[in-house]
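The values are calculated or read from the model by the stated rules, or taken from the named source; none is laboratory data. Computed from a predicted model, the values in this text were never measured in an experiment. Methodologically, a virtual Cβ is constructed for each residue, glycine included, from the backbone with ideal geometry; neighbour enumeration extends over all protein chains shown. Note: accessible area is taken over every heavy atom of the protein model, side chains too, but ligands, DNA and RNA are not part of it. Shrake-Rupley method; radii C 1.70, N 1.55, O 1.52, S 1.80 Å.
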Amino acid sequence: HLLVILMNIKIKKLELTNFKCFRHKEFCFDSNITTIRGRNGVGKTTIADAILWCLFGKNAQGQADFDLKTHDDEGRAIPHLDHSVELVLSVATESQPREITLKRTLKETWVKKRASEEQVFKNNTTEYLVNGEVITASDYKKYIAQLIDEEVFRAITNPSYFPSLKWQQQREFLTQMAGDITPDIYNADFAELLKYLTDSNEDIIAYRKHLAYQ
């Protein structure tokens, strides 16, 4: 038996603090469609980067290592700033709707060296919050995964994502979306193919090679 939980997720609000070109900015989304327009370089892609970073720790290009800090007029990262993205989601299931607030913050650690009054940058740390409660990175990742799979999210929000995958990845992705297949609801030819693949423990590519040899 396959249990399918239908989930309707909408973005209600996005708040950026010291994230790339935005010192502080809030975006409130309409319940149906929100259109974001602007000339090149004003931050449209930054909005997509912020949403994906808050959810998955990556930018719109799928990169985990990217510069999200705010820079001054000379292109240098402004020190001693926390960089955060807060995302308010409306999550509705068949049982009950609920509102979820997610927040990811990149914090800088500065220390003073011995016999020196000057602080030096040590490292970055990341803080994760769900509904105002601080949790670990692994728990945050699990929580997001329960809401939506990263690959699915990218596929339904970026038209160029699926075509950019290798054909093997496309096939695997579509197979996962299709779910389990039972032979009793398909024609006899397909049932025979499914039985062969199951009994021989071969994949479809190996089976095609086998047919080519014949």
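Give the residue that is nearest to residue 161 (Cα to Cα), with candidates limited to residues of region 59-115 that are among the basic types (Lys, Arg), open to solvent by 40 Å² or more (accessible area, probe 1.4 Å) and in contact (Cβ under 8 Å) with a residue 24 or more places away in the chain. The qualifying residue nearest to residue 161 (Cα to Cα) is 103. The residues of region 154-163 that are small (Gly, Ala, Ser) and surrounded by 15 or more Cβ atoms within 10 Å (Cβ to Cβ) amount to a single one, 155.
Looking at region 194-212 only, could you name the residues that are farther than 14 Å from residue 175 by Cβ and either touching a Ser or Thr at 6+ places or on another chain (Cβ under 7 Å) or assigned to a helix (DSSP H, G or I) (or both)? The answer is 195, 196, 198, 199, 200, 206, 207, 208, 209, 210, 211, 212. Could you tell me whether residue 151 is among the charged types (D, E, K, R) and open to solvent by less than 60 Å² (accessible area, probe 1.4 Å)? Yes.
Taken over region 35-57, the criterion of being open to solvent by 60 Å² or more (accessible area, probe 1.4 Å) and touching a helix residue (DSSP H, G or I) at 6+ places or on another chain (Cβ under 7 Å) is satisfied by 36 alone. Any residue in region 191-214 that is free of Cβ contacts under 8 Å to residues at least 12 places away in the same chain and surrounded by 11 or more Cβ atoms within 10 Å (Cβ to Cβ) sitting within a Cβ distance under 8 Å of a residue that is part of a helix (DSSP H, G or I) and charged (D, E, K, R)? List the pairs, counting only those 6 or more apart or interchain. Pairs that qualify, where the first residue is free of Cβ contacts under 8 Å to residues at least 12 places away in the same chain and surrounded by 11 or more Cβ atoms within 10 Å (Cβ to Cβ) and the partner is part of a helix (DSSP H, G or I) and charged (D, E, K, R), are 191/184. Residues that are in contact with a Cys (Cβ under 7 Å, 6 or more places away or on another chain), of a type in the set (D, E, K, R), part of a strand (DSSP E or B) and within 23 Å of residue 17 (Cα to Cα) do occur in region 104-118.
Being without any contact (Cβ under 8 Å) to a residue 24 or more places away in the chain and open to solvent by 90 Å² or more (accessible area, probe 1.4 Å) is the requirement here; does residue 24 meet it? Yes; evaluated as a whole, the condition is true for this residue. Would you call residue 85 assigned to a strand (DSSP E or B), in contact with a Lys or Arg (Cβ under 7 Å, 6 or more places away or on another chain), at pLDDT 95 or above and at negative phi? Taking the combined requirement at face value, the residue satisfies it.
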